[in-house]
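Undergrad: Please read through the structure below; I'll follow up with questions.
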Amino acid sequence: MWKFSSAVSTVWLNSSTCPFLLNGFPGLEKAHHLISLPLLMAYISILLGNGALLFLIKDDHNLHEPMYYFLGMLAATDLGVTLTTMPTVLGVLWLNHREIGHAACFSQAYLIHTLSIVESGVLLAMAYDRFIAIRNPLRYTTILTDTRVIQIGVGVFIRASLSIMPIIFRLHWFPYCRSHVLSHAFCIHQDVIKLACADITFNRLYPVVVVFGMGLLDFLIICFSYILIFKTATSIASTEERTKALNTCSFHICCILVFYVTVVGLTFIHRCGKNVPHVVHITMSDICFLFPPFMNPIIFSIKTRQIQSGLLRLLAIHRFSSSVETKEEPLCQATYP
């Protein structure tokens, strides 16, 4: 009897310490390299687009305003989400590298969920920025000082990081005696707890509280702020000034729609699409993490004239420096044969 219980304990311990296995696209393993091509193109576009935005906001003094600081926070968050998820996705699709240790998996899940809440908080901060700019334009610079913007950014990050900690810490305590195969090519909380052999009631209920207490609340506050913004804009007598005021909000509204529509779509698929093929769930998850970071730089570039001007200046400087180097090259060759 003692030998049997000892053997069971050994199996339990071994299975609890085994690495998790990430999943690609089940049934499409032969097409993994082909599937990785659009994902790689989106990955590179996200890095270039958001990286260029951050460089432009830092380098161009005309963009050193609260609105563009919040845009920079959003671009940095999008970069963080992409850099957290895509390396393991491409590792699975290219190299079939599926194993991931518990600590690495839990860290990845923590970053993914934290940055998702950060993005919601930054969108809320951007709504606050537009609210002040249109409702109290004369006090805009005195209310949203550089110090205040930093405080808002730090507050958004602390709120997100602290809210996710309880469920991620509990993942370290759970024994994992079931299948170690995860549903996606990256670690997320809802996948990991399905493999735990313990009471996971808290880990099931707490995320619902976080989603409704933060994500939904953020969205409702954003909607309420825009009701007040539109009310103020419609009271402006000049049609030109009214249009100008509303145009400053257009890029933010587009970013809100891109983020929340993808999140709602993914939630609907997971909750109501039990008969939907698993490949669709995986594809929707990848789209959810790639689509907002891919679209946001495009929206900023199309909707914001200052960023358009900044990008044109960067291109003009690059072309000028390239032409100068081309002209000087023969002289250098003549001087140093």
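A short reminder: the numbers here are calculations on the coordinates, not readings from a lab. What you see is a predicted model; the values in this text were computed from it and never measured. Note: ideal-geometry Cβ built from the backbone for every residue, glycine included; neighbour counts use all protein chains shown.
Undergrad: Which of the listed residues, G310, T267, Y43, is farthest toward the dipole's positive end in the chain, when Lys, Arg count +1 and Asp, Glu count -1 at the beta-carbon?
TA: In the chain, that residue is T267.
Undergrad: Also, quick follow-up: Which value at 222 nm does the chain reach when only helices count, each DSSP H run of 4 or more adding -39,500 (n - 2.57), with the total divided by all residues and rounded to the nearest 500 deg cm²/dmol?
TA: Helix contribution divided over all residues of the chain: -27000 deg cm²/dmol.
Undergrad: Where in the stretch 206-230 is the amide nitrogen less than 15 Å from a point lying 7 Å along the Cα-to-Cβ axis of R242?
TA: 229-230
Undergrad: Can you run phi through the Karplus equation (6.51, -1.76, 1.60; θ = phi - 60°) for the stretch 25-37 and list ³J(HN,Hα) in whole Hz, with x for Gly and Pro?
TA: 10, x, x, 10, 4, 5, 9, 4, 5, 5, 5, 5, 5
Undergrad: Let me ask something else. Under 29 Å between C-alpha atoms is the cut-off here; go through the chain and count lysine pairs that meet it, provided they're at least eight residues apart or on different chains.
TA: Count of close lysine pairs: 8.
Undergrad: Check which residues have an amide H placed less than 5 Å from E99's amide H, if you skip close sequence neighbours.
TA: Long-range HN contacts for E99: L22.
Undergrad: OK, next. Quick one: 3J(HN,Hα) in Hz for the stretch 278-284, Karplus 6.51/-1.76/1.60 with θ = phi - 60°, rounded, Gly and Pro as x.
TA: So the J values, rounded to whole Hz, are 4, 4, 5, 4, 5, 4, 5.
Undergrad: Non-local amide H neighbours of V181 (under 5 Å, H modeled in plane, Pro and chain starts lacking H): which ones?
TA: Result for V181 returns L21.
Undergrad: So for the stretch 23-312, what are the equivalent ellipsoid semi-axes in whole Å, largest first, each being the square root of 5 times an eigenvalue of the Cα gyration tensor?
TA: Equivalent ellipsoid of the stretch 23-312: 37, 22, 17 Å, largest first.
Undergrad: Then there is this: When only DSSP loop residues count, what chymotrypsin sites (Phe, Trp or Tyr not before Pro) in the stretch 151-234 have their Cβ near at most 15 other Cβ atoms within 10 Å?
TA: Sites meeting the loop and neighbour criteria: W173.
Undergrad: Are there trypsin sites (Lys or Arg not before Pro) in the stretch 200-303 that DSSP puts in a loop and that have at most 14 other Cβ atoms within 10 Å, and which ones?
TA: Working: sites: R204, K231, R242, K244, R271, K274, K303; in loops: K274.
Answer in residue order: K274.
Undergrad: Over what distance in Å are the Cα centres of the stretch 33-64 and the stretch 111-187 separated?
TA: 21
Undergrad: Same structure again: Tell me, what ³J(HN,Hα) does each residue in the stretch 135-149 have, in order and in whole Hz, if you take phi through Karplus 6.51 cos²θ - 1.76 cosθ + 1.60 with θ = phi - 60° and put x for Gly and Pro?
TA: Couplings: 7, 9, x, 6, 9, 4, 6, 7, 7, 9, 7, 4, 4, 5, 4 Hz.
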